[in-house]
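Asks: Dropping a structure here in structure tokens format, bear with me for questions.
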Amino acid sequence: MLSKRIIPCLDVRDGKLTKGVKFKGNVDIGDPVETARIYYEQGADEIVFYDITASAEGRGIFLDVVEKVASQIFIPFSVGGGIGSVADMRAVLLAGAEKVSVNSGAVKNPDIISEGAVAFGSQCVVLGMDVKRVAKSEAIPSGFEVVIHGGRKFTGLDALEWAKTGEALGAGEICLNSIDADGTKDGYDLELTRLVAKSVHIPVIASGGAGHPDHMADALTKGQASAALIASIVHYGEYTIPQIKEHIAARGVPMRMIW
């Protein structure tokens, strides 16, 4: 069985590491470059970097911060936020990222997924999905709706159908974030994670809600995710990455250990 991945997420606002709850009340908590280096040294499998206000502000990503982070880590590095064209993708990859995450830009222009896959390979294209629970309806039969612009704008897209569309267009991976669980540390939305993971044939990264290593183990087993994204649990020093991996491995989940 392939090893499951633990992926710290760096939300960046105005060049600073920040964290909120349910996409609100963000507080600046540190330097993303130094934090990325620490997580790399601790044994993170990948790092994800999101410029969380780029799309809403209608600007490009902070490439200087991307370059600085890329100079400090030597593991796969995914970058998202404000990416709306193949040219934006190319700029991020040239700045040192291995993967590009498209979210709001892909909803507005789905062709960016296929264009990016053709230009750089599907392995470079991650479909980011911010999802919120809503009442089930004819338009949203799953009860999970895709939301863009940092949780500010509902799209009318059913999350399961959008995941399938993203895969068909060439996305190589999905990063699935539950807005309802984000920053709560109450655990991932396992129903959402499992539904999406079962509906596609590409890896799904569970995101939003990690507060204990058991939450990650549950996402990787019950939620059928290939990886778990983490933030608050490590940003605030509650656990180190080795402690998290050791706990998950003790539950029989294969982990990459480097120490």
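Asks: What tally of residues in the stretch 69-105 results from selecting those that are among the small types (Gly, Ala, Ser), on the phi < 0 side of the Ramachandran plot, in contact with a Phe, Trp or Tyr (Cβ under 9 Å, 6 or more places away or on another chain) and at pLDDT below 95?
Replies: Looking only at that region, the number is 2.
Asks: Continuing with the same structure: Are there any pairs with C-beta distances below 7 angstrom linking a residue in the stretch 237-252 that is in contact (Cβ under 8 Å) with a residue 60 or more places away in the chain to a residue that is surrounded by fewer than 17 Cβ atoms within 10 Å (Cβ to Cβ) and in a loop (DSSP other than H, G, I, E, B), with the two at least 6 apart or on different chains, and if so which?
Replies: Qualifying pairs under 7 Å: Pro242/Trp259; Lys245/Met257.
Asks: Let me ask another. I need every pair where a residue in the stretch 174-188 that is in contact (Cβ under 8 Å) with a residue 40 or more places away in the chain and part of a strand (DSSP E or B) has its Cβ under 6 Å from the Cβ of a residue that is charged (D, E, K, R) and crowded, with 24+ Cβ neighbours inside 10 Å, sequence separation at least 6 or different chains.
Replies: If the second residue must be charged (D, E, K, R) and crowded, with 24+ Cβ neighbours inside 10 Å, the pairs left are Asn177/Asp130; Ser178/Asp189.
Asks: Does the stretch 189-205 hold any residues that are farther than 17 Å from Arg256 by Cβ and not in a loop (DSSP other than H, G, I, E, B), and which are they?
Replies: The answer is Leu190, Glu191, Leu192, Thr193, Arg194, Leu195, Val196, Ala197, Lys198, Ser199, Val204.
Asks: Could you list, in sequence order, the residues of the stretch 233-252 that are in a loop (DSSP other than H, G, I, E, B) and out of contact with any Pro (no Cβ under 8 Å at 6 or more places or on another chain)?
Replies: Tyr236, Gly237, Glu238, Thr240, Arg251, Gly252
Asks: Of a type in the set (Gly, Ala, Ser) and in contact with a strand residue (DSSP E or B) (Cβ under 8 Å, 6 or more places away or on another chain) - does that describe any residue in the stretch 182-197?
Replies: There is at least one residue in the stretch 182-197 that is of a type in the set (Gly, Ala, Ser) and in contact with a strand residue (DSSP E or B) (Cβ under 8 Å, 6 or more places away or on another chain).
Asks: Among the residues of the stretch 168-188, which ones are buried (at least 21 other Cβ atoms within 10 Å of the Cβ) and not β-branched (Val, Ile, Thr)?
Replies: Ala171, Glu173, Cys175, Leu176, Asn177, Ser178, Ala181, Asp182, Gly183, Tyr188
Asks: Moving to a separate point now. Scan (1) of a type in the set (A, V, I, L, M, F, W, C); (2) without any contact (Cβ under 8 Å) to a residue 40 or more places away in the chain; (3) in a loop (DSSP other than H, G, I, E, B); (4) over 21 Å from Gln42 (Cα atoms) for the single condition Leu160 breaks and write down its number.
Replies: Against the list (1) of a type in the set (A, V, I, L, M, F, W, C); (2) without any contact (Cβ under 8 Å) to a residue 40 or more places away in the chain; (3) in a loop (DSSP other than H, G, I, E, B); (4) over 21 Å from Gln42 (Cα atoms), Leu160 comes up short only on (3).
Asks: Okay, next question. Of all residues being surrounded by 24 or more Cβ atoms within 10 Å (Cβ to Cβ), within 25 Å of Gln72 (Cβ to Cβ) and not aliphatic (A, V, I, L, M) in the stretch 92-136, which is nearest to the chain's Cα centre (by Cα)? Just the residue, please.
Replies: Looking at residues that are surrounded by 24 or more Cβ atoms within 10 Å (Cβ to Cβ), within 25 Å of Gln72 (Cβ to Cβ) and not aliphatic (A, V, I, L, M), I get Gly128.
Asks: Does at least one position in the stretch 68-84 carry a residue that is aliphatic (A, V, I, L, M), surrounded by fewer than 24 Cβ atoms within 10 Å (Cβ to Cβ) and in a helix (DSSP H, G or I)?
Replies: yes
Asks: Which of the residues belonging to the stretch 133-149 are in contact (Cβ under 8 Å) with a residue 60 or more places away in the chain and over 20 Å from Val204 (Cα atoms)?
Replies: Hit for the stretch 133-149 is His149, nothing else.
The values are calculated or read from the model by the stated rules, or taken from the named source; none is laboratory data. Source: prediction; values computed, not measured. Reconstructed Cβ throughout: ideal geometry from the backbone, glycine too, with neighbour counts over all protein chains shown.
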